[in-house]
Amino acid sequence: MCTGHHHPPGDATLTQVTHALGRVLVVDDDEVDGQDCLDKVTEIGPDVITLDVMMPRLDGWETAVQLRRSPDTAHIKVVLITARAQEDDKTRGARVGADAYLTKPFDPNEMIRVVRELAGVG
């Protein structure tokens, strides 16, 4: 779980998960924003990124758009996570190029299933 910098417990983190899921970058919503994700993504080279749509400054929507725009990151699978399940959010998710969509609260096993599927693992 090397993220390049350390936060005290409770803070949001950029979590790199490399076990049976392939390489996954998890971006939480409290302290971390999409720019942090974009700065890290080429260094980490994940197969899948989960983005919370409510991140401060650069939100999940815009981060997904930026990932799709760059030839270096366009291939990475994107999972958007939101507390709202409205159809317009799902439509917007598809429009920005998200590969999957999870609504909070979600079962962690569901997230693992979605990520494994996208990463082509298992």
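Values quoted throughout were computed directly from the atomic coordinates according to the rules given, and no laboratory measurement underlies them. From a predicted model like this one, the values you see are computed outputs, not experimental measurements. Because the Cβ atoms are built from the backbone with ideal geometry, glycine has one as well, and the counts that use them run over all protein chains shown.
When the convex hull of the C-alpha atoms of region 55-100 is computed, what volume per residue in Å³ does it have? Can you show the working numbers first?
On the way: hull volume 3.1 nm³, N = 46.
Once divided by residue count, the hull of region 55-100 is 68 Å³.
R23 to M54: FRET efficiency via 1/(1 + (r/R0)^6), r the Cβ-Cβ distance, R0 22 Å, to the nearest 0.05?
Details: r = 24 Å, r/R0 = 1.09.
Efficiency at R0 = 22 Å is approximately 0.35.
Which residues' amide hydrogens lie under 5 Å from the amide hydrogen of I81, considering only partners 5 or more residues apart or on another chain, with H built in the peptide plane?
The answer is L51, D52, V53, L102.
Where in region 81-100 does the amide nitrogen come within less than 20 Å of the point 7 Å from the Cα of I112, taken along Cα to Cβ?
The answer is 81, 100, whose backbone nitrogens lie closer than 20 Å to the label point.
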